[in-house]
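Participant: Have a look at this one.
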Amino acid sequence: MEPSIEEIGGGPQPGPEVSPLLDRSDPRPASDELRASLAAVEAAREAARRRLRRDTRRVRLLTLAVLGMTSAAAFGLVNRARASRRAVEAARAAAVEAAAVPVTPPATAPAAAPAAEAIAAAAPEPALAPPAAAPEAGPPDDRAAPIDPDSARAECREAYAARRWRTAIDACGRAFEALPTEAALAMKVAQAQHARGRYAAAGEWAHRALAAGGADPEAFVIVAHAERRARHPAEARSAYRQYLALAPRGWHASEARAAVRSSRASTTTAE
């Protein structure tokens with residue numbers, strides 16, 4: 001009989017030793033830890049993304065709120081500016097309209113004329129007396145006298161600057177007779193007549209100033225006032241338009257625009 005392994009070696013022989021470092025029989029602990037770490041990283045990333053989205057929404061909402069408040073404030077300021085501008089324009093137009101109202105009603109002049117004629121007819125002797133004719137002959141002699149242009153112009157400027165309208169009308173009128181090409185002299189007479197409430201005479205002198213080559217936009221405003229008092233709306237509207245063409249931002253621009261708009265509205269209503 002052959003000897004057995006136990007008999008030869010004196011007992012069971014151990015097998016080859018396996019190193020613990022090479023033992024890969026249980027890889028699950030390493031995989032669980034890796035998965036846990038990856039899950040933690042993914043959770044942290046997701047939380048960061050959520051915070052970023054939340055912060056972005058907050059920033060957008062705040063930005064929209066700020067923009068809305070700014071727009072509302074700007075809109076309110078614009079409305080206030082427009083309202084104040086309209087109030088100023090209305091006040092200017094009212095002031096101009098009030099200044100343009102004649103001191104003496106036009107209806108009193110025709111009524112006064114018959115009264116004067118009646119008085120003159122009731123007392124014919126003083127009207128036919130020779131002494132009454134002598135003062136009437138005096139002014140034509142003075143007018144016929146030669147006019148010194150320089151002195152008349154200086155007197156016109158002095159009276160106009162001092163707002164002595166009667167003296168300015170006389171002096172500037174005589175100066176314009178001597179210097180008919182100076183439209184500024186005729187314009188001073190027109191403005192003095194307008195200041196006294198004589199709108200028809202002011203309009204005539206404004207026409208003279210324009211015929212002499214004047215380009216003062218104020219002349220068209222005086223003409224417009226005269227035409228409005230004469231109940232000529234088309235001529236007044238034309239004068240206002242010529243004023244706006246020369247001075248679209250002038251002192252009377254709001255008055256002229258309001259007059260043109262009102263005339264258009266009245267024409268449309270009539271149609």
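None of the figures in this text is laboratory data; all of them are computed from the coordinates on show. Just so we're clear, the structure is a prediction, and the values are computed from it rather than from any experiment. Note that each Cβ is placed from the backbone with ideal geometry, even for glycine, and that neighbours are counted across all protein chains shown.
Participant: What FRET efficiency do you get for ALA211 and GLU89 if R0 is 35 Å and r is their Cβ-Cβ distance, rounded to the nearest 0.05?
Facilitator: 0.65
Participant: Mean separation of Cα pairs under 8 Å and 6+ residues apart, divided by the residue count of region 148-270: what relative contact order is that in percent?
Facilitator: Computed over region 148-270, the figure is 15 percent.
Participant: Using the Cα atoms as the points, what is the convex hull volume per residue of region 148-270 in Å³?
Facilitator: Expressed per residue, the convex hull around the Cα atoms of region 148-270 is 92 Å³.
Participant: Measuring from label point to label point, each 7 Å out along Cα→Cβ, what is the VAL78 to ALA43 span in nm?
Facilitator: According to this spin-label approximation, the distance is 5.4 nm.
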